[in-house]
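A.B. asks: Below is the structure I would like to discuss, written out as structure tokens.
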Amino acid sequence: MRHPMPFGADYTPERTVFRLWAPQAAGVKLQRFCTGSDEEPGARFLGEVPMRGPVEGVFTYTAPGNLKNEYYQYLLTDSNGNVTWSADPWALACGVNGQRSMVVDLAETDPSGWAKDRGPDLAGKAPVIWETHVRDFSSDPRSGVTPAHRGKYLAFTEADTTLDGAGDRPTCLNYLKQLGVTHIQLMPIFDYGSVDERCPEGGYNWGYDPENYNVPEGSYSSDPYHGEVRIRECKEMIRAIHRAGLGVVMDVVYNHTYRNDSWLERTAPGEYYRTMPDGSPANASGCGNETASDRKPFRDYMLSSLRYWAEEYHVDGFRFDLMAVHDVETMNLVRAALDRLPGGERLLTYGEPWSALPTRMHPEAIPAGKAAVRQFNSRLGIFCDDTRNALVGSPFTVFEKGYANGNPTDKLAERIRAAAHGWCDRARLGYANNPGQILQYASCHDNYTLWDRLTIEEGAQNYDCMEPHRLQCCKLVSGMCLTLPGLGFFLSGEEFGRTKHGDGNSYQGPEELNRLDWGRTELFADLVAWYRGLLGLREWLVPMGRLQPERAKGDYLEVPENCVGFRLDGEGTWSAFLVYYNPYETGKPVTLPAGEWQLLCDGKRSDLWKNDAPPVVSGGWMLPPCSAVVLGSC
Ligand code: CA
């Protein structure tokens, strides 16, 4: 069964069944075309035919013959005789810019070996997610990727890329498979409306502008005109990422659509969205409209769409944009629906636990925001802005420093201790059910990059110089994010001082500002090595099992004022770990717990643990300045 959707165009070589839910339409006609737009060579109208129905709001038409790769749209007539056209909101394929839907033979879009393609088995590793954008990933001319593939899905299929295509400094997926992260989170890859697919080089957008929820974006494909191409290439990307041993998390934006006048609205006016008392669109998304997951039509749509991406595209998880625009019940149903799929339990689900503005959901529905995390399924997680703000300061007040970048106050130290409750004091875990629900992070696509934030706070101008204190500060911040209880997450390039030259909201481009500058892996080789060592050490320190309920086995340690330290039980090579954070620019003395301790990470180097005989320390010891330190029992 390749077509799990209740509506849309269900293709077999013998016939195609079209189904549309249009509860207010008096009549619907199906129109068929050779191409996805009238501007293309071979454009031809193939005729129109009235659909049967409605039966409970559903119109149906069975077209005999093989309609593969034909394009279609609907003409809807309401009871007053007004006629509207719409593409199919349930379409699985579409033409250029998503303006016409397409009948697709999904089996033909499978790359070789697709039936055996699987996401990675993490074997007890706790996920660490690396966020990127398809175009940013490879559009750097130095990426080593074939020019035709730069900025495209197919860039991910190049396995052995190196900087400038010469030497041995890996780039793109070749780099990532050695970094130690478990998942790539891709900013929107569903079809969005804010880049003209006919000339993508003329524009740029992050893509939080859904046009066709169940179709991949065309501007990342080698041919946006033939709807089957983007599907095949998107699958090829996912297969390549899986072969590199990594999972794919899809950033999904079900909270709003690009246009108020979307296909959903055109085919079923008022059914899928929330409105204000005067009938105008509600706007919790801050983008002009908000969908209504608390009502059946959109809830069912969202569940079908998510199942489809999981099953057809083998994605390994979903990141929900503005998740508090959705209601808790829907989000728990999402988790349950994914869990019912074969192997579905391993799919990650997490989101932003906020909305841009208050929602207009039903008064009895509960927004899936921070205040409601205890009502979430315990495997539905959230981005923890509390830890982020404590670590580096709020993104909304850029000159307000955080604990790790020059402001180690009592209050912020207490917040860092609270962030470590998942290890040491589960009774005070706060709003989460378990530490596996928390994503610890310091940077994502929104706001300043970590490097830019630190640069701006210093009053510095030069984003391209490897300033030593700033570098050490990056090590402390990432050292904390990746040793505090929770899932790991960082913006791609955080590990090589990614800069957008002080632009805190680069969603519209330009490409040159957003793309990963792979040359910085050379300039920041020391920082890359830090992340790599830390991610390797984390496998011992933060196994997935330790993030589950009832597995807290740690204690806070005696530390100098406003430093933070905790002891964790280990397994295998090290039976216990000590983790210390010193946010000061001077060394701070500590008395280590009894016994001898191997220095696994000293705050500057995170790969000491790889040595046959790491340095051994005991008794009184000096925490290095501005450091996250890990010691292991001998
Ligand atoms: Ca598009």
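A.B. asks: Label points 7 Å out from Cα along the Cβ direction at residue 125 and residue 201: separation in nm?
C.D. replies: Label-label distance for residue 125 and residue 201, simple model: 3.7 nm.
A.B. asks: Residue-wise, which Karplus ³J(HN,Hα) couplings in Hz belong to the stretch 473-483, taking 6.51 cos²θ - 1.76 cosθ + 1.60, θ = phi - 60°, and x for glycine or proline?
C.D. replies: 5, 4, 5, 5, 4, 5, x, 6, 4, 8, 10
A.B. asks: Which aspartates and glutamates does residue 296 reach when only Cα atoms under 13 Å apart count, and residues fewer than 8 places away in its own chain are ignored?
C.D. replies: 271, 327, 329
A.B. asks: Which whole-number value in Å² is the accessible area per residue of the chain, probe 1.4 Å?
C.D. replies: Result: 36 Å² of accessible area for each residue.
A.B. asks: What residues have an amide H closer than 5 Å to that of residue 189, excluding those fewer than 5 places away on the same chain, when H is modeled at 1.01 Å from N in the peptide plane?
C.D. replies: Hits under the 5 Å cutoff: 251.
A.B. asks: Among the lysines, which have Cα under 25 Å from the Cα of residue 29 when same-chain residues fewer than 8 positions away are ignored?
C.D. replies: 68
A.B. asks: Out of all DSSP beta bridges with both ends in the chain, state the antiparallel percent to the nearest 5.
C.D. replies: The answer is about 70 percent antiparallel.
A.B. asks: Checking the a/c ratio against 1.5 first, then a/b against b/c, what shape does the Cα gyration tensor give for the stretch 286-431?
C.D. replies: prolate
A.B. asks: Starting from the Kirkwood Rh over alpha-carbon pairs, what translational D in µm² s⁻¹ does the stretch 284-362 have by Stokes-Einstein at 25 °C and 0.890 mPa s?
C.D. replies: D, rounded to a whole number, is 189 µm²/s.
A.B. asks: Grab the Cα-Cα distance for residue 68 and residue 512, subtract it from 0.36 nm times how many residues apart they are, and report the gain in nm with one decimal.
C.D. replies: Net length gain for the segment: 156.0 nm.
A.B. asks: If amide hydrogens are placed 1.01 Å from N in the peptide plane, which non-local residues have theirs closer than 5 Å to the one on residue 197?
C.D. replies: The answer is 97.
A.B. asks: Kirkwood Rh, Cα Rg: Rg to Rh for the stretch 518-585?
C.D. replies: 1.08
A.B. asks: Determine which residues of the stretch 287-318 fall in the zone a paramagnetic label at residue 362 would reach in this model, i.e. backbone nitrogen under 17 Å from the point 7 Å along Cα→Cβ.
C.D. replies: 291-303
A.B. asks: Right, something else. Toward the positive end of the charge dipole of the chain, about the Cα centre and with charges on Cβ (Lys, Arg +1; Asp, Glu -1), which of 611, 155, 424 goes farthest?
C.D. replies: 424
A.B. asks: Can you bin the stretch 73-195 into rounded, prolate or oblate? Criterion: square roots of the alpha carbon gyration tensor eigenvalues sorted a ≥ b ≥ c, rounded for a/c under 1.5, prolate for a/b above b/c, oblate for the rest.
C.D. replies: Note, shape of the stretch 73-195 comes out prolate.
A.B. asks: Along its three principal axes, how long is the stretch 559-634 when you only count alpha carbons? Whole Å, largest extent first please.
C.D. replies: Here the spans come out as 32, 23, 17 Å, largest first.
A.B. asks: On to the next question. Above 20 angstrom, tally the Cα pairs of the stretch 230-356 and express them as a % of all pairs, no decimals.
C.D. replies: Tail of the P(r) past 20 Å holds 47 percent of the pairs.
A.B. asks: Beta carbons within 10 angstrom, averaged per residue: use that to sort the peptides 300-312, 91-103, highest first.
C.D. replies: So the peptides 300-312, 91-103, ranked by packing, come out 91-103, 300-312.
A.B. asks: Same structure again: If r is the Cβ-Cβ distance from residue 112 to residue 469 and R0 is 60 Å, what FRET efficiency results, to the nearest 0.05?
C.D. replies: Calculated value: 0.75.
A.B. asks: Can you give the Rg and Dmax of the chain based on its C-alpha atoms, in angstrom?
C.D. replies: 25.7, 86
A.B. asks: For residue 569 and residue 612, FRET efficiency with R0 = 30 Å and r from the beta-carbon atoms, rounded to 0.05?
C.D. replies: My answer for the efficiency is 0.80.
A.B. asks: Ratio to report: Rg/Rh of the stretch 176-239, with Cα atoms as the point set and Rh obtained by the Kirkwood method; give two decimals.
C.D. replies: Ratio of gyration radius to Kirkwood radius for the stretch 176-239: 1.01.
A.B. asks: Can you run phi through the Karplus equation (6.51, -1.76, 1.60; θ = phi - 60°) for the stretch 120-127 and list ³J(HN,Hα) in whole Hz, with x for Gly and Pro?
C.D. replies: Computed from phi, the couplings for the stretch 120-127 are x, 8, 6, 6, x, 6, 7, x Hz.
A.B. asks: Under 19 Å Cα to Cα from residue 411, which aspartates and glutamates show up? Leave out anything in the same chain fewer than 8 places away.
C.D. replies: 385, 386, 400, 425, 558, 561, 585
A.B. asks: Where the only charges are on Cβ atoms (+1 Lys, Arg; -1 Asp, Glu), what is the dipole of the stretch 247-404 about its Cα centre, to the nearest 20 debye?
C.D. replies: So the magnitude is around 220 debye.
A.B. asks: Using a probe of 1.4 angstrom, how much of the accessible area of the stretch 1-150 is carbon and sulfur, in percent?
C.D. replies: 51
A.B. asks: Further question on the same structure: Go through 85, 621 and list them by solvent-accessible area, largest first, probe radius 1.4 Å.
C.D. replies: From most exposed to least exposed: 85, 621.
A.B. asks: Shifting gears a bit: Assigning unit charges at the beta carbon (Lys, Arg +1; Asp, Glu -1) and nothing else, what dipole magnitude in debye, to the nearest 20, does the stretch 1-86 show about its Cα centre?
C.D. replies: Taking the Cα centre of the stretch 1-86 as origin, the dipole is about 260 debye.
A.B. asks: Amide H of residue 247 versus every other amide H placed in the peptide plane: which residues, excluding those fewer than 5 positions away on the same chain, fall under 5 Å?
C.D. replies: Distant-sequence amide H within range of residue 247: 183, 184.
A.B. asks: Tell me, what HN-Hα J-couplings in whole Hz come from the Karplus equation 6.51 cos²θ - 1.76 cosθ + 1.60 at θ = phi - 60° for each residue of the stretch 80-92, using x for Gly and Pro?
C.D. replies: Once rounded to whole Hz, the list reads 8, x, 6, 10, 10, 9, 8, 6, 8, x, 9, 4, 9.
A.B. asks: What ratio of Cα Rg to 2.2 N^0.38 Å holds for the stretch 439-556?
C.D. replies: Taking the Cα Rg and dividing by 2.2 N^0.38 Å, one obtains 1.16.
A.B. asks: Taking all protein chains in place and a 1.4 Å probe, what share, in percent, of the accessible surface of the stretch 273-372 do carbon and sulfur account for?
C.D. replies: Its accessible area is 56 percent carbon and sulfur atoms.
A.B. asks: Just the number, please: carbon plus sulfur as a percent of the accessible area of the stretch 405-525, 1.4 Å probe, no ligands or DNA/RNA counted.
C.D. replies: 48
A.B. asks: What whole-number distance in Å separates the alpha-carbon centres of the stretch 100-167 and the stretch 362-422?
C.D. replies: 32
A.B. asks: Right, next: To check my understanding: the extent here is largest minus smallest coordinate of the Cα atoms along each principal axis. What are those three numbers for the stretch 1-160, in Å, largest first?
C.D. replies: 58, 42, 32
A.B. asks: For the pairs 401/553; 370/500; 125/553; 152/235; 177/610, note any where the Cα-Cα span goes beyond 21 Å.
C.D. replies: Check vs 21 Å cut-off fails for 401/553; 370/500.
The values are calculated or read from the model by the stated rules, or taken from the named source; none is laboratory data. None of the values given here were measured: they were computed from a predicted structure. Backbone-built Cβ (ideal geometry, glycine too); neighbour counts: all protein chains shown. Keep in mind that these areas ignore ligands, DNA and RNA; they rest on the heavy atoms of the full protein, side chains included. Shrake-Rupley method; radii C 1.70, N 1.55, O 1.52, S 1.80 Å.
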